[in-house]
Amino acid sequence: MGSPESEKDRLDNEGRLHRATIKPFALGKFELTVEQFAAFADETEYDTGSTCDVWQDGQWSERPGYNWRKPNFPQTGAHPAPCLSWDDAKAYLAWLSRKTGHTYRLPTEAEWEYAARAGAASRFHFGEEDADYCRYGNGVDATALADVPGAQGWSALPCRDGYAFTAPVGSFAPNAFGLHDTHGNVFEWVEDCWHDDYKGAPADGSAWLTGDCSQRVQRGGAWGYPREYLRIAVRGRQARGYRYINAGVRVAREIAP
């Protein structure tokens, strides 16, 4: 888990490289979709607020009038649900657990990285080359430069994925475990509290529930990020109540021993 010091674009918070033991668990093949989250929100009348951090007028800023139903770009029910906070994710998972009788939760950071790597030790699950990225994920690329208003100065991948904003889940090739969109589309919340590096991280793959728990970890990169933030080892963080156009959810499920 983590990245070696020699990895291109490596950030300090990705060290130290260490081993974590993973117990059996299930993880969603796709990111949580708009249609799936709508089933919860409509049934429970859950309030996700009316403010989200969006890209508008050439800058990122929190703006009123936006949420997962209206994220400031076109989407369908098959797109990943954006503008979801960590608290929103937890509310959805509690409802899904009650609804199905199974225990659904966020993955731990170690579980997420294990699943995203699918056995790979490279920058991306498919290898090292930036030019190959657009077969496997959605990030800032030639499409974004052409079609996202005000994005012309962004650092872009040397390929074209065909989607300026988010893409319907499963639009790209999966990793070796059959999981789609582990690179890009939307960042995915995990259970863990934030730490500046992996010193003292649990070795058993469990969630790290000490440290700055007002900030929770996000993994996987997103459509509005350049290549250095799309690598498997990249770690993001946000306040647990923060709603961001680049942030969504991937669901994990407990497996009985």
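Each reported figure results from applying straightforward, stated rules to the coordinates on display, with no laboratory input. Note that the coordinates shown come from a computational prediction; the quantities given were computed from them, not determined experimentally. For neighbour counting, all protein chains shown are included, and Cβ atoms are generated from backbone atoms with ideal geometry for every residue, glycine included.
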- Note on the structure: Expected sort for Tyr133, Tyr229 with the fewest Cβ neighbours (10 Å cutoff) up front is Tyr229, Tyr133
- What ³J(HN,Hα) values, in whole Hz, does the Karplus curve 6.51 cos²θ - 1.76 cosθ + 1.60 give for region 6-17 when θ = phi - 60°, with x put for Gly and Pro? 7, 5, 4, 6, 4, 10, 4, 6, 8, x, 8, 4
- Message: Using only DSSP helix segments of four residues or longer, with each worth -39500 (n - 2.57), what per-residue ellipticity at 222 nm results for the chain after dividing by its residue count and rounding to 500?
- Response: -4500 deg cm²/dmol
- Task: Would you mind pulling out the separation of the Cα centroids of region 118-174 and region 4-57, in Å?
- Result: 17 Å
- Query: What is the set of long-range amide H partners of Gly248 at a cut-off below 5 Å, with H atoms built 1.01 Å from backbone N?
  - Reply: Phe187, Glu188, Trp189
- Message: For Gly162, what residues show an amide H to amide H distance below 5 Å, using hydrogens built from the backbone and excluding near sequence neighbours?
- Response: Thr143
- From the phi of every residue in region 137-150, what ³J(HN,Hα) in whole Hz does the Karplus formula 6.51 cos²θ - 1.76 cosθ + 1.60 yield, where θ is phi - 60° and glycine or proline is x? x, 10, x, 5, 9, 4, 5, 4, 4, 7, 10, 8, x, x
- Hey, with R₀ at 25 Å, roughly what FRET efficiency would Leu11 and Ala176 work out to, going by the Cβ-Cβ distance, to 0.05? 0.50
- Query: Among Glu111, Glu5, Glu228, what is the fewest-to-most ranking by other Cβ atoms within 10 Å?
  - Reply: Glu5, Glu228, Glu111
- Message: Can you tell me the length gained on complete extension of the stretch Ala94 to Asp147, counting 0.36 nm per residue apart and subtracting the Cα distance?
- Response: 15.3 nm
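Which of the trypsin sites (Lys or Arg not before Pro) found in region 1-70 are in a DSSP loop and have at most 16 neighbouring Cβ atoms, other than their own, within 10 Å?
Working: sites: Lys8, Arg10, Arg16, Arg19, Lys29, Arg69; in loops: Lys8, Arg10, Arg16, Arg19, Lys29, Arg69.
Sparse-neighbourhood loop trypsin sites (Lys or Arg not before Pro): Lys8, Arg16, Arg19, Lys29, Arg69.
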- Message: Within the chain, how many Lys pairs that are eight or more residues apart, or on different chains, come under 24 Å at the alpha-carbon?
- Response: 7
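Among Ser85, Ser214, which comes first, then next, by fewest other beta-carbon atoms within 10 Å?
Going from sparsest to densest Cβ surroundings: Ser214, Ser85.
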- Long-range amide H partners of Gln238 with built H, under 5 Å: Arg216, Gln218
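For region 58-109, calculate the relative contact order in percent as a whole number, restricting contacts to Cα pairs under 8 Å that are 6 or more residues apart.
RCO, region 58-109: 23 percent.
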- Item | Under the Karplus curve 6.51 cos²θ - 1.76 cosθ + 1.60, θ = phi - 60°, whole-Hz ³J(HN,Hα) for region 53-63, x wherever Gly or Pro sits | 7, 10, 8, 7, 6, x, 8, 8, 6, 6, 9
